[in-house]
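What follows is a set of notes on a single structure, which appears directly below.
The values are calculated or read from the model by the stated rules, or taken from the named source; none is laboratory data. From a predicted model like this one, the values you see are computed outputs, not experimental measurements. We place every Cβ from the backbone using ideal geometry, glycine too, and count neighbours over all the protein chains shown. To get the accessible areas, we keep the full protein, side chains included, count just its heavy atoms, and leave off ligands, DNA and RNA. Shrake-Rupley method; radii C 1.70, N 1.55, O 1.52, S 1.80 Å.
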Amino acid sequence: LESRFSGAEKPALYGVLVAVKDNIDAAGMPTTAACPGFAYEPAAGAAAVERLRGAGAIIVGKTNLDQFATGLVGTRSPYGAVRSAHDPEKVSGGSSSGSAVAVALGFVGAALGTDTAGSGRIPAAFNRIVSIKPTLGYIPVAGVVPACPSYDCINVFAQDLGLAGTAVAVMGGAGHRSGRPLPAGYPLAAKAVPVIAVASPGSLPHLSDAWREAYRSTVAGIEALGWRTRTDDVSGLLDAGELLYSGALVAERHPSVGAFGARGSADLGPTVAGIIDRAGRPSASELARDQQKVTGYRRLAEQLLEGTDALLLP
């Protein structure tokens, strides 16, 4: 690293240790997606990984995950379950479990995960660290084993928002095997007195009493800061999330690993195998129907967030 940047100004991530979720290609390291029978040696690193290297980051290794990034618990891997960084009796959250725990335990400064249905945000919350899921398409996903390609996104884990934001900025934008530019005038911080959308109690039916009280307490805390809040019905957003596994959108998982699953590999976990098998069943009509639903939910989200700076969820 010193020889690469000798005599030059040190780049943004000089010397930062970074781990990479093992469904993202890194040069010189096999990609397994937590399935040994699927493993391959990539010819090159993913676009995002190469951009990190170019900014001085040191890629130290690959991390465990829910197999084929299918799950939100961190236990669906033949390499073993990843436990919470703070309590080994609890799950770490998934599917980017290993990356989140590596950051939470201080093994690395930052780590890459993927987030299609919460796989980055959930383990970050469970392990008390920062995760940024940028706008879909801002970080190119070339070199990522697809889950649902229309919705796949690389996310960043870190102990603090500054480092996570720097990594996102390094990896994002147009060029080098796709990516989209940041729009002109895009807001990069909240206003001095932000307006925060909060979920109405009736739109969070599955919260326990303890978590409902914790959410109320958090809302009261941000109001005590002088921030404004606005209560909204977020049930439509939860319905949208359900489509990724319960609807026909899961069909996108089949082109990626369906043929491998059909061979009946002993390395394929039964839960993941069942999801992949079901992914081959929706009809084209059902997929088109659910894609149209997503369009409607996007409009709903735009209306919901109009006039607010953030949406606070449990």
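Just for the chain, what percent of DSSP beta bridges are antiparallel, to the closest 5? Show your work: numbers first, answer last.
Working: 12 of 28 bridges.
DSSP beta bridges in the chain are roughly 45 percent antiparallel.
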**Item:** Given charges at Cβ of Lys, Arg, Asp, Glu: the stretch 11-139 dipole, positive-most of 123, 60, 31
**Value:** 123
**Request:** Any lysines with Cα under 30 Å of the residue 62 Cα? List them, leaving off those in the same chain fewer than 8 positions away.
**Result:** 10, 21, 90, 133
**Asked** Taking the Cβ-Cβ separation of residue 233 and residue 186 as r and a Förster radius of 22 Å, what is the calculated FRET efficiency to the nearest 0.05?
**Response** 0.20
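Could you give the dipole magnitude of the chain about its Cα centre, charging the beta-carbon of Lys and Arg +1 and that of Asp and Glu -1, in debye to the nearest 20? Provide the component values of the computation, followed by the final result.
Numbers: 27 positive and 27 negative charges, 59 e Å.
Dipole size: approximately 280 debye.
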**Prompt:** Using a basic spin-label model with each label point 7 Å from the Cα along Cα→Cβ, how many nm lie between residue 83 and residue 207?
**Reply:** 3.0 nm
**Prompt:** Excluding ligands, DNA and RNA, what is the solvent-accessible area per residue of the chain at a probe of 1.4 Å, expressed in Å²?
**Reply:** 48 Å²
**Message:** Among 120-130, 27-37, how do they line up by average Cβ neighbours within 10 Å per residue, starting with the highest?
**Reply:** 120-130, 27-37
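With a sphere of radius 12 Å drawn around the Cβ of residue 216, what net charge do the other residues whose Cβ falls strictly inside it have (Lys, Arg +1; Asp, Glu -1)?
On the way: positive: 212; negative: 209, 213, 223.
Around residue 216, the charge tally is -2.
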**Prompt:** For the stretch 224-229, what does the Karplus curve 6.51 cos²θ - 1.76 cosθ + 1.60, with θ = phi - 60°, yield as ³J(HN,Hα) per residue in whole Hz, taken in order and with x for Gly and Pro?
**Reply:** 5, 6, x, 6, 8, 10
**Prompt:** With +1 on each Lys and Arg Cβ and -1 on each Asp and Glu Cβ, how big is the dipole of the stretch 1-60 about its Cα centre, in debye rounded to the nearest 20?
**Reply:** 140 debye
**Request:** Report ³J(HN,Hα) in whole Hz for each residue of the stretch 50-59, in order, from the Karplus equation J = 6.51 cos²θ - 1.76 cosθ + 1.60 where θ = phi - 60°; Gly and Pro get x.
**Result:** 5, 5, 5, 4, x, 9, x, 5, 10, 7
**Message:** If each residue of separation counts as 0.36 nm, what is the full-extension length gain between residue 283 and residue 222 once their alpha-carbon separation is subtracted?
**Reply:** 17.4 nm
**Distance from the stretch 211-254 to the stretch 36-50 (C-alpha centre basis), Å** = 34 Å
**Asked** Counting only Cα, what are the radius of gyration and maximum Cα-Cα distance Dmax of the chain, in Å?
**Response** 19.9, 60
**Cα-centre dipole for the stretch 132-255 with unit charges at Cβ (Lys and Arg positive, Asp and Glu negative), debye to 20** = 400 debye
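Determine the share of the chain's accessible area contributed by carbon and sulfur atoms, expressed in whole percent, with a 1.4 angstrom probe.
Working: 8570 of 15180 Å².
For the chain, the apolar C and S fraction of the accessible surface comes to 56 percent.
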**Item:** Calculated FRET efficiency for the pair residue 105/residue 4, C-beta based, R₀ 45 Å, to 0.05
**Value:** 0.95
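Taking 8 Å as the Cα distance limit and 6 or more residues as the minimum spacing, I'd like the relative contact order of the stretch 125-209 as a percentage.
Once normalised by length, the contact order is 29 percent.
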**Request:** Determine, for each peptide in 65-71, 281-287, the mean count of other beta carbons within 10 angstrom over its residues, then list the peptides with the highest first.
**Result:** 65-71, 281-287
